[in-house]
Each structure stands twice: as structure tokens, then as C-alpha cells.
Amino acid sequence: MNKTSQFHPEPLYDVSNLGHVELYTPCLERSIRFFVDVYGLDLVSTQGDSAYLRAWGDHDLTSLKLTAAKDAGVAHIGWRTMSNQALDRRVSALKAYGIEGQWLDGDVGHGKAFSFIAPSGHRMELYHEAEKYVPMPDKKPYLINQPQKFSGRGVAAARIDHINILTHDVVGLRNFADQTMGFKLREHLVPGGQGEEVGAWMSLMNKAHDMAITKEPSKGASGRLHHLAYAVENREDVLRAADIFMENDVFIEFGPAKHSRTQGFFLYVYEPGGNRIEVFSGGLHIFTPDWAPLQWGTEEKGRSTAWGLGVPESFHKYATPNVAVPAADELTRAAAFAALSE
């Protein structure tokens with residue numbers, strides 16, 4: 001028996017997964033067309049200035065909400081709990097931590113939710129009750145253990161996978177996520193092996209990550225989005241996505257390539273509203289309950305990614321809503337993103 005295990009707190013499993021994300025977009029119709037025709041999601045519903053979408057492999061009715069706004073960015077992040085009892089426990093933990101919030105009646109696809117602002121400035125919500133997707137006859141799958149027939153349209157994104165958000169205090173946010181919602185630290189980045197932590201990758205169950213946390217480069221910004229990722233079935237689908245983006249004149253910012261941290265195969269583009277969107281495949285799967293978080297000091301053998309592809313400067317600078325990084329912040333930005341490739 002590992003004698004040190006007795007000193008570790010009991011891990012929490014009250015929160016199960018990333019359920020949905022709401023993105024702001026200044027060009028709602030164009031963003032809808034991108035996500036449906038190019039990225040391959042299905043449009044579920046439109047209500048007022050919002051549209052609700054799903055991937056063919058999502059079991060719940062919807063995983064993405066697009067809302068018209070002046071600027072791009074993330075409106076809120078929805079985390080689903082294991083049960084209504086788990087929801088109540090997590091709300092109590094948030095309040096004990098000093099987080100105020102409010103109950104919402106729900107939205108398309110899910111029931112009541114507890115909405116709150118995380119220390120990073122991001123609005124999040126916890127909920128349990130969710131409407132399951134029931135396919136119409138033309139979308140009924142042959143295999144009853146998948147929610148929908150494979151769409152084959154565009155990239156054909158399969159399911160929502162993870163989100164990467166920015167914060168001025170990476171350690172503070174990951175401790176908050178651990179203590180209130182049960183996120184487990186899987187990998188983190190401290191350039192040079194000492195000093196300030198600038199990246200953390202955390203998961204709720206056995207994935208490589210459900211949430212990545214990146215050091216915010218601009219002193220005056222908060223609550224910003226680095227990227228939202230949907231998964232595809234395999235690496236070949238990521239390569240196929242690159243061709244689809246090329247044929248549809250979608251700018252490819254970064255990839256295809258392989259991350260060192262998480263070991264995921266990746267491709268990044270911007271949707272028409274300006275939000276960075278990833279196509280992701282693979283990644284670590286953690287099957288041991290006593291996983292020790294891995295600390296990175298830099299990339300292995302000087303490579304910026306697993307196979308050596310360099311990271312574009314925009315990946316270090318750009319997030320939504322977009323803000324200019326003042327000249328005085330350049331040193332902070334350079335330090336924050338040194339060797340950071342996810």
C-alpha cells in the first residue's frame with residue numbers, strides 16, 4: 001500500500017463532465033453557418049438572439065449555445081453534476097468558499113442551474129437535470145449505444161471535449177476548482193522548473209483534461225476564452241478537418257500536430273465571430289486513482305510541441321474578447337507563455 005495515500009484528501013466525483021458552453025459572437029448567422037456546415041454540428045433550436053447546437057455524439061440535447069453580442073468570448077460554462085444531491089453539495093461547497101451565486105430556472109436542454117462567477121471572472125453554472133437527445137427516424141443510429149447516426153457533414157465534430165480559459169492566478173483558480181468542484185490536477189507548467197505556474201490541465205474523471213487554465217497576458221483583462229474544443233474519433237479525422245477548413249477558406253492558426261501535454265492531436269481555427277475553436281483527438285486517459293500531477297519545466301528536448309512544430313505568436317497573444325496587450329505587459333506575456341503550447 002502507498003503509505004502516503006492516507007494523507008491525501010478523498011477525491012470528489014460530484015461533477016461529471018463539461019456539459020455545455022455559451023459563446024458570444026458579433027455575427028450570429030455566420031457563426032451558426034460555420035458550426036453547422038463546416039464544423040458539422042446540428043442546429044437544435046433558435047430562441048431570440050441565441051442558437052442551440054449539438055454534436056452527433058453528444059448524448060444530451062445541446063452542448064453549445066451561440067448568443068449575439070458586441071464582442072466574442074465565453075458567456076458561461078456549464079458543468080453537469082452526477083445527481084441532484086451532488087449539485088446541492090457543490091453549491092454548499094461554493095458558498096463555504098465565499099462564492100455567491102443564484103439559481104436559474106434552466107435553459108434549452110437542461111433544468112435548474114446554480115450560476116456563479118469563478119475567481120477568474122468566468123461565469124459558470126452547475127446543473128444536473130438534462131434533456132436526452134432523441135433522434136428523429138432519419139437520424140436514428142444503427143448501433144443503439146450511440147446517440148445519433150454519424151452525420152458526415154463537414155468536420156463532423158463528435159462531442160464537446162474541453163475548454164481553455166485565462167486567469168491571472170493559475171494556482172488560485174486550480175485550487176478553487178479542486179476544492180469546490182473536484183477537478184483533479186493532471187499536468188502543470190512552471191517554465192524553468194521554478195517561479196510562477198503558467199498552465200494547468202485538470203479533469204473530472206479519467207480524461208486528459210476537461211479544463212485547461214492558462215496565464216492571462218493582459219493586466220486589465222479577465223474572464224477570457226482561449227479556446228473551446230470538440231473531439232473527433234481519430235487523428236485521421238483531424239487531418240480531414242484541415243482539408244475541410246482549407247476548402248472553406250477557414251484560417252488555420254495552428255496544427256495539425258501533437259501536444260506534449262495531454263498528448264492530444266490538435267488543430268486550431270477561428271470561427272467567424274472570432275472565438276478560437278479546436279478539433280481534438282486522443283489524449284491521455286487516466287485509469288489510476290493515485291495519479292501524481294506531472295510538472296513540466298519546458299518542452300522535451302527544446303521542442304515547442306511533441307513533434308517540434310513551432311507555436312505561432314497569435315496563440316500566445318490572442319483570446320476573446322480580444323484586447324490589446326500594452327507594451328508594458330510584453331515581458332509579463334513572454335514569461336506567461338514561455339514554452340506553453342496548449
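Please treat every number below as a calculation from the coordinates, not as lab data. As the structure is a prediction and not an experimental result, all values here were calculated from the model. So basically every Cβ, Gly included, is an ideal-geometry build from the backbone, and we count neighbours across all protein chains shown.
Structure values in brief
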item	result
Percentage relative contact order, the range 65-123, counting C-alpha pairs under 8 Å, at least six apart	30 percent
For the range 1-95, fraction of C-alpha pairs farther apart than 18 Å, in %	58 percent
The range 254-277 residues near the modelled residue 243 label - backbone nitrogen below 16 Å, point 7 Å along Cα→Cβ	256
DSSP-loop trypsin sites (Lys or Arg not before Pro) across the range 58-93, with at most 10 other Cβ within 10 angstrom	70
Normalised contact order of the range 162-316, rounded percent, pairs of Cα under 8 Å and 6 or more residues apart	25 percent
Sorted by Cβ density within 10 Å, fewest first, the residues 178, 243, 71, 138	138, 243, 71, 178
Cross-link pairs beyond the 20 Å C-alpha cut-off, checked among 70/132; 215/317; 112/184; 207/258; 65/132; 184/207	70/132; 112/184
Computed over the chain: relative contact order in percent, which uses C-alpha pairs under 8 Å that are six or more apart	17 percent
Difference of contour (0.36 nm per residue) and Cα-Cα distance, residue 95 to residue 29	19.9 nm
Anisotropy class of the range 199-285 from Cα gyration tensor, a/c 1.5 cut	oblate
Most fluctuating residue given options 191, 135, 321, as computed from a GNM of the chain linking Cα atoms under 10 Å	135
Antiparallel DSSP beta bridges within the chain, as percent of all bridges there, nearest 5	75 percent
Dipole magnitude of the chain about its Cα centre (Cβ charges: Lys, Arg +1; Asp, Glu -1), debye to nearest 20	380 debye
The range 148-243: C-alpha gyration tensor shape, a/c 1.5 cut-off, then a/b vs b/c	prolate
Net charge over other residues, Cβ less than 14 angstrom from the Cβ of residue 247 (K, R count +1; D, E count -1)	-1
For the range 97-114, Karplus couplings with θ = phi - 60° (6.51, -1.76, 1.60), whole Hz, Gly/Pro x	6, x, 8, 8, x, 8, 7, 10, 5, x, 8, 3, x, 8, x, 4, 9, 9
Fewest-first ranking of 226, 168, using other Cβ atoms within 10 Å as the exposure measure	168, 226
Sequence of 30, 174, 153 once ranked by neighbouring C-beta atoms within 10 Å, starting from the fewest	30, 153, 174
Chymotrypsin sites (Phe, Trp or Tyr not before Pro) within the range 214-308, DSSP loop, no more than 13 other Cβ atoms inside 10 Å	251, 287, 307
Distance cut-off 28 Å, percentage of C-alpha pairs in the range 15-336 lying past it	38 percent
Distance between modelled label sites at residue 37 and residue 13, nm, 7 Å Cα→Cβ extension	4.5 nm
Compactness relative to 2.2 N^0.38 Å, alpha carbon Rg of the range 31-140	1.17
The range 75-169: GluC sites (Glu not before Pro) falling in loop per DSSP and having at most 12 other Cβ within 10 Å	100
